[in-house]
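Enquirer: Would you mind keeping the following structure in view while I ask a few things?
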């Protein structure tokens, strides 16, 4: 299985606690995901649900060609105000390991995403990644950057 590695960084002009509260809530994920993905959290959580190791989050998502899929992730590690990790339990990827890191910086917080993923179907998955999947994953994070800027303002240092 071929594994791919991507990293994304974004500086936000908000306090660390505010960034943590927003990004550690699964209910906010739909707000920063492209609309065409039809991303819906199906877990029965409320806005005040605190993230914890072992937390299972389920979604409906249409990542490509409008095909609706179920996706389940587990929060495996949480260090409040520093990082959390989600891993796919089942869904569209052969592997999805996503680290979310938060570091206080002057005037805000630096958010770093470290993503390791694999596409199923061996050689066909590698072809699909080079033709479509990698571009779509990058597009999701590009959209998220803009959506987060729209929500919190652009960091000016």
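Enquirer: Go through region 84-106 and give me each residue that's part of a loop (DSSP other than H, G, I, E, B) and in contact with a strand residue (DSSP E or B) (Cβ under 8 Å, 6 or more places away or on another chain).
Expert: Across region 84-106, the qualifying residues are 91, 92, 93, 94.
Enquirer: Give the residues of region 80-129 that are over 18 Å from the mean Cα position of the chain (by Cα) and at pLDDT 95 or above, sorted by residue number.
Expert: Those that are over 18 Å from the mean Cα position of the chain (by Cα) and at pLDDT 95 or above: 104, 105, 106, 107, 108.
Enquirer: With the condition kept exactly as written, say whether any residue in region 38-56 is closer than 19 Å to residue 132 by Cα and in a strand (DSSP E or B).
Expert: No; the residues of region 38-56 include none that is closer than 19 Å to residue 132 by Cα and in a strand (DSSP E or B).
Enquirer: Whether any residue in region 65-83 is assigned to a helix (DSSP H, G or I), surrounded by 17 or more Cβ atoms within 10 Å (Cβ to Cβ) and in contact with a strand residue (DSSP E or B) (Cβ under 7 Å, 6 or more places away or on another chain) is what I want to check.
Expert: No, because not a single residue in region 65-83 is assigned to a helix (DSSP H, G or I), surrounded by 17 or more Cβ atoms within 10 Å (Cβ to Cβ) and in contact with a strand residue (DSSP E or B) (Cβ under 7 Å, 6 or more places away or on another chain).
Enquirer: When the residues of region 35-44 are filtered to those that are crowded, with 16+ Cβ neighbours inside 10 Å and in contact with a helix residue (DSSP H, G or I) (Cβ under 7 Å, 6 or more places away or on another chain), which remaining residue is nearest to residue 86 (Cα to Cα)?
Expert: Residue satisfying both the conditions and the ranking: 41.
Enquirer: Another one. Within region 88-98, can you find the residues that are on the phi < 0 side of the Ramachandran plot and buried (at least 16 other Cβ atoms within 10 Å of the Cβ)?
Expert: In the first step, residues of region 88-98 are kept if they are on the phi < 0 side of the Ramachandran plot; the result is 88-90, 92-98.
Answer for region 88-98, where residues must be on the phi < 0 side of the Ramachandran plot and buried (at least 16 other Cβ atoms within 10 Å of the Cβ): 88, 92, 93, 94, 96, 97, 98.
Enquirer: If I ask for residues that are part of a helix (DSSP H, G or I), farther than 17 Å from residue 33 by Cα and touching a residue at least 60 places away in the same chain (Cβ under 8 Å), which ones from region 123-157 would you list? First the steps, then the outcome.
Expert: So in region 123-157, the residues part of a helix (DSSP H, G or I) come out as 123-152.
Going one step further and asking which of them are farther than 17 Å from residue 33 by Cα, we end up with 123-132.
Hits for region 123-157 are 125, 126, 129, 132.
Enquirer: Residue check, residue 56 against (1) free of Cβ contacts under 8 Å to residues at least 60 places away in the same chain; (2) touching a helix residue (DSSP H, G or I) at 6+ places or on another chain (Cβ under 9 Å), all met but one. Which one?
Expert: The number of the failed condition is (2).
The values are calculated or read from the model by the stated rules, or taken from the named source; none is laboratory data. None of the values given here were measured: they were computed from a predicted structure. All Cβ positions, glycine included, derive from the backbone under ideal geometry; neighbour counts span all protein chains shown.
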